[in-house]
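Colleague: Questions regarding the structure given below will be posed in turn.
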Amino acid sequence: MKPLFIWVMVLFPVLLHAEKCSQTGQSLTSRGWSRQLRGVCLTDSVTANTFRSPDQTKTIVADGDGFHLKVDGKGVEWPEGKELVARGSEVSWSPTSSTFFINYGDGSGLDGWTLKVYVVSDGRVVNHDEINQQIVHRFRTGIGCLQTAVDPNVRGLGWSEGGTHIFAFAQATVNESCGQQGDFRGVVAGLAGETIEQFYSEADTKRHFHNLLPFNMR
């Protein structure tokens, strides 16, 4: 199944454009991803995407200049957002509308994915990079790979019902991988304390996250 996974990932950009692109991004459900995720799509006719929070008070804007956030129609301080490549990224709001994550691939669509978690607090966006760092550490430790191996791809899958936990997975890269290409582990990360509360084997990930995983990983 590993070669099939790699083949599908190579075709990711083609498949992405096969889905309908709109000003609210793209649905990824045709490939098995959760409805909680929306893909950023920018074309000649769709120059910006808007992602509204569940409470409708906050809006993430993705365009050629990166990401921006508005609360009640007013811009919020988020310097890092302008440094990110919006194209090809994926966005998901928590059910509480106070937190969101971005699956960030730096526009590559293959390797280099990181899970970027943000909390909207006191009129600014606070970055919680430690969640991605902890997931990477657990994966590398569990696999026992060489220091020279590349960090795994990390992507969020969705949220717990109350928005207190993020469901995610880490997966060995295609090139210079930590572990065998395509190996993956499931993660339950708690926002309180930024702790990794569950780290599942590949088999348990398929069982616990079955309906959240893309079809080629089930």
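Colleague: Could you please let me know if Gly179 is of a type outside the set (Ser, Thr, Tyr), more than 17 Å from the chain's Cα centre (by Cα) and either more than 20 Å from Leu146 (Cα to Cα) or part of a strand (DSSP E or B) (or both)?
Modeller: no
Colleague: Right, something else. Say whether the condition of being in a strand (DSSP E or B) and under 25 Å from Gly193 (Cα atoms) is met by at least one residue in region 136-147.
Modeller: No, that holds for no residue.
Colleague: To continue, here is another question. Residues to consider are Ser30, Ser97, Ser34; find the one that is part of a loop (DSSP other than H, G, I, E, B), over 16 Å from the mean Cα position of the chain (by Cα) and of a type outside the set (Val, Ile, Thr).
Modeller: Ser97
Colleague: Oh, and also: Within region 113-138, track down each residue that is within 17 Å of Thr96 (Cα to Cα) and charged (D, E, K, R).
Modeller: Asp122, Arg124
Colleague: Condition first: modelled with pLDDT of 95 or more and exposed (fewer than 15 other Cβ atoms within 10 Å of the Cβ). Now tell me which residues in region 1-28 satisfy that.
Modeller: The answer is Ser22, Gln23, Thr24.
Colleague: Ok, one more. If a residue has to be in contact (Cβ under 8 Å) with a residue 40 or more places away in the chain, in a strand (DSSP E or B) and of a type outside the set (Val, Ile, Thr) to count, how many in region 53-68 make the cut?
Modeller: The number of residues fulfilling the criteria is 1.
Colleague: A follow-up question, please. Here are some residues: Thr57, Thr141. Which one is within 20 Å of Ser201 (Cα to Cα) and out of contact with any Phe, Trp or Tyr (no Cβ under 9 Å at 6 or more places or on another chain)?
Modeller: Thr141
Conditions (1) buried (at least 18 other Cβ atoms within 10 Å of the Cβ); (2) at pLDDT below 95; (3) not β-branched (Val, Ile, Thr), marked per residue:
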residue: Pro152; (1), (2), (3): yes, no, yes
residue: Arg155; (1), (2), (3): yes, no, yes
residue: Ala170; (1), (2), (3): yes, no, yes
residue: Val174; (1), (2), (3): no, yes, no
residue: Gln180; (1), (2), (3): no, yes, yes
residue: His208; (1), (2), (3): no, no, yes
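Colleague: Return a yes/no flag: does region 191-204 have any residue that is on the phi > 0 side of the Ramachandran plot and not β-branched (Val, Ile, Thr). Walk me through it before giving the result.
Modeller: The initial filter retains those residues of region 191-204 that are on the phi > 0 side of the Ramachandran plot, namely 193-194.
Among the residues that remain, those that are also not β-branched (Val, Ile, Thr) are: 193-194.
Yes; the residues of region 191-204 include at least one that is on the phi > 0 side of the Ramachandran plot and not β-branched (Val, Ile, Thr).
The values are calculated or read from the model by the stated rules, or taken from the named source; none is laboratory data. Here the structure is a predicted model, which means the values were calculated and not measured. Cβ atoms come from the backbone with ideal geometry, glycine included; neighbour counts cover every protein chain shown.
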